Amino acid sequence: MVSLNLLAVICFGYVAFLFAVAFAAERAAAAGRTAWLRSPWVYTLSLSIYCTAWTFYGAVGYAARSGLEFLTIYLGPTLVMVGWWWGLNKLVHIGRTQRITSIADLISSRYGKSSLLAAGVTVLAVVGTTPYIALQLQSVTLSVAAFAQPDPAQPVPADPSATAVWVAVGLAIFTVIFGTRNLDANERHHGVVMAIAVEAVVKLFALLAVGVFVVWGIAGGAGAIVERIQASPELSAWRIDGARWAGLTFLAAAAFLCLPRMFQVMVVELEDERHLRTASWAFPLYVFLISLFVVPIAVVGLEALPAGANPDLFVLTVPLAFGQEGLAFLAFLGGFSAATSMVIVAAIALSTMVSNHIVMPIWLRLTRRGASVSGDVRHVVMLARRLSIAGVVFLGYLYYRLSGGGAALAAIGLIAFAGIAQVLPAMIGGLFWRGATRNGAMAGIAGGFALWLYTLFLPSFGPDVVLPAALMAEGPFGIGWLRPYALFGIEGLDPLIHSVLWSLSINTVLFLAVSLASFPEPLERLQGAQFVSALGTPGGARSWQGGAVQTEDLMVMAQRILGPSEAQALFRREAARQGLGGYLPEASPEFLEVLERELSGSVGAATAHAMLAQMVGGMQVSVQDLLAVADETAQIMEYSARLEAQQEELTRTARQLREANEKLTRLSVQKDAFLSQISHELRTPMTSIRAFSEILREMGKDGPFDPDDQARYASIIHDEAIRLTRLLDDLLDLSVLENGQVSLNIREGTLSDLIDHAVATAAAGEDGPDLRIRRDRGAERLPLVTDLDRLSQVFINLIANARKYCLSEAPQLTIRAGGGGAWITVDFIDNGQGIPREQQDMIFEKFARIGDQEAGGAGLGLAICREIMARLGGTIAYLPGQGGAAFRVRLPARAALAAQ
Amino acid sequence: MGKHVLVIEDEPNIVEAIRFILHRDGWRVDTHSDGATALEALRAQRPDVVILDVMLPGRSGFEILRELRSEDGLANLPVLMLTARGQAKDRETAERAGVSRYMTKPFSNAEVLAAVREMAGP
């Protein structure tokens, strides 16, 4: 008799270990040490969430009841991995290029980014996955109970006790912590994936250990076990029913492709498409190993344990019966691993779908102009995702309580498989058939789903729970050919095969027929072409027409969804690709396309499309795009692609030339103004000096004079002389910097000290309005190796500018530091009016002033800052879309500089 | 009763210097530092002489002068333009706009005084 407390301690310790693994992986990923996280082996092991507690415990039970039939569950995925590799490759490629976040997103994206379809698939996935989560909870509860039960012959009480609750709560917490760290569902959850991989090793090792013990410890070697199998009355009578075998294999293959959790690990979490190559042989190997000892364990269990012992628990009860408690613990941990990893990944996958395809569309509809004005979208999505995780796990628990945990493990799993397989026709059709339409997909999925509910899912609760017993026996209203288990009068079939046959056939027929009968919308055609020819010609159709929208507005929206630094990096990259400097690319169709894809990585294709459409104002599909879709001739495609590349190059050059020309024109005007400016700046203080020195000279000549006046006039002369000197200093400084004659005084320091110093210096001697400065000292703890005096000069200038030009009633300056990568960035953001778009690239020129502001200064400060940053190997730029005026200083990080 | 001069100039030290020079000579001196509202001040005050800077906040001295010359009551008002921009084309611009006298900064106090006296007439 094993103490349950010990079991609880082991469980808790194991979970703590998983937390540590996930946490370490997240840390390693954050620090950029991802080499071993990106290994194809981790990917392969993560695929093993296909083998849940159902396969861990249930396969042995299955073998004990139905012989070798359990192999079909492994045969399906193996066939897919080996025989349909090219199809998988295409699926994965599309998933990555289109930034697909889930199976629902895939279907919706293919069929014209339809929100309705996405929501439908999501509902289907939730309904299909719930029984499966219940199954995992049940397996953990049963296995705990098996330890408490001294006599394996007694039926294990299906005790829906505290165990299931605790497991559910613990899993929800783990998943919320590690599954919603970043919003972009397309980014890998390194922690989760690593934990899953570790669990995959644990379950394989546990099952192999039990198998080795059974074969060599009990039976006495490989030869002996074969004899026992031959002799076993249950297993020797192999019943191989061809139809059922084919049906089950097909079902397992379909589920392997369509299960939300499989899609999550196979497509969404994939780092590198080449990993699929390794997985295509390594995953079947894993499956082979895990199924190797199933039959021996079943045989020994049937022999050694009294009749009536639950075969689903042989993996546990056989070691227990032979007094091997350590081995039993290991087996328990294996089963526990299998159960928890499935629930975690399924919850992540479903929560992404629910938040992207149900919560976000509703939220968008409620806040009509939402995309551009209202609050933080990231917050909404995050919250939706966390709540959905809790909701999904709770649903699983609820199903477990309702169904009473009575049915054999394998049966529930197969029901879930059949449900989720309804997505298959629309998915495969969408990948390979251009003629597939949204209406077809919807009709097929809805029809198949309804039939599955009626013929399999609802009856599975037992007579009179959902469907009345009379309906089950005689059909609705006494119509015999509508009986759930004997549709259209076909009797005698296994209920599962019966349901799969009918639901998938009707599904496929509806899908084909409606697709042929309906006409796809332009967007569906475009998406269809992109999906079907995914591995062929790159690029292809474009759906946005640029122009109407302000890039700055897009940036405001993108920052809310992607987060400021990702959005800024994206805009900067795109601007550079267009040959422009700064952060604002032109709103070209290509750029909108890229932006939409990035957004869809966070909120799904349909939602991203709707948000962008709100801002850009509807999409247009041009005649050329449709022609490109219709055009099948590879030669013409290639030719036009080449032309397009040339044209793109020309457009790029033209854009650069235009920008250079505009800048030259402006510069020439400015050069002309330069002499004027310099004359003005020098003459103004000189005027005061001359006038007052003449006054002083003549004082007393014609009458008495006031000594106070004399002192004041002298101090005016003094101040103006200093102003002149400062101006000359600035001019000389600038000239030295521009000619590159400056020698840098490189020292070490920390960013926070430098900002302290700059804030103090900028505050001294100024009596302007009180400027409140907001800082995050934690983020500023960054080491610097640079010319600290020069960098400080830049900071002082920026702070002083905010003091002078920020016209807010309560002026405030936010200084925000960021580092970690190759660059250190420091943003200075005030809450004033900001700088108009057309002046943003002029402010760094000499004597540039915004509008008519004359708040002292000669207009050389930012020009000097720009030169200094260039000398220090960094940049300073205006950062649009931040509310007020915002400047970003970028500096190479310590390592980069030290390496030079 | 001294004659009235309006100084339109935004640099406070220069304003103070001119005020001192003219005040000592018995002038009534008013000042205005904003280009945008300079014309309204002129209409309201009707000075005998105006001293006008070129680079003013809100509106340039050239524009003020041009508009002033096209107004009935102000067309003949004597205007002394002071500018820190010393280029020849600035002088031309000022003359085309109808300036009475044109001086570059820095100026000699005596010259300013002489010019203002002369423009105000007997």
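No value in this document is a laboratory result; all are computed from the given coordinates. Note that this is a predicted model, so its numbers are computed, not measured. Don't worry about glycine lacking a Cβ; one is built from the backbone with ideal geometry, like all the others, and counts go over all protein chains shown.
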Under the classification rounded if a/c is under 1.5, otherwise prolate if a/b is larger than b/c and oblate if not, where does segment A:635-738 fall, given a ≥ b ≥ c as square roots of the Cα gyration tensor eigenvalues? prolate
Sorted by Cβ density within 10 Å, fewest first, the residues A:679, B:70, A:600, A:388: B:70, A:679, A:388, A:600
Once you order the gyration tensor axes a ≥ b ≥ c over the Cα atoms, which shape class does segment A:701-805 get: rounded for a/c under 1.5, otherwise prolate or oblate by comparing a/b with b/c? oblate
Need the full-extension length gain, residue A:97 to residue A:838, defined as separation in residues times 0.36 nm minus the C-alpha distance. One decimal, nm. 263.2 nm
Mind ranking A:669-677, B:59-67 by how tightly packed they are, going by the mean number of other C-beta atoms within 10 angstrom, highest first? B:59-67, A:669-677
Going by how many other beta carbons lie within 10 Å of each one, how would you line up B:39, A:872, fewest first? B:39, A:872
Arranged from highest to lowest average of other beta-carbon atoms within 10 Å per residue, in what order do the peptides A:712-718, A:276-282 appear? A:276-282, A:712-718
Neighbour counts of other C-beta atoms within 10 Å: give me B:100, A:48 arranged from fewest to most. B:100, A:48
Quick one: which residues, 5+ away or cross-chain, put their amide H under 5 Å from the amide H of residue B:31? H built at 1.01 Å from N. B:7
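How crowded by other chains is B:100-108, given as the mean number of beta carbons from other chains within 10 Å of each beta carbon?
4
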Calculate how large, on average over all directions, the projected area of the Cα convex hull of segment B:4-120 is; give the answer in nm² to one decimal. 6.3 nm²
Going down the list A:90/A:113; A:846/B:105; A:90/A:203; B:3/B:89, which pairs span over 25 Å between their C-alpha atoms? A:90/A:203; B:3/B:89
Per-residue HN-Hα couplings for segment A:736-752 [Karplus 6.51, -1.76, 1.60; θ = phi - 60°; Hz; x = Gly/Pro]: 4, 4, 5, 8, x, 8, 7, 9, 8, 10, 6, 9, 9, x, 10, 4, 5
Would you pull out the residues with amide H under 5 Å of residue B:84's amide H, same chain only if 5 or more places away, H placed 1.01 Å from N? B:54, B:55, B:105
Rounded if a/c under 1.5, otherwise prolate or oblate - segment B:1-62, Cα gyration tensor axes: oblate
Counting sequence-distant residues (5 or more places) and residues on other chains, those with an amide H built under 5 Å from that of residue A:823 are A:893
Using per-residue counts of other Cβ atoms within 10 Å, averaged over each peptide, order A:259-268, A:334-343, A:71-80, B:41-50 from highest down. A:334-343, A:259-268, A:71-80, B:41-50
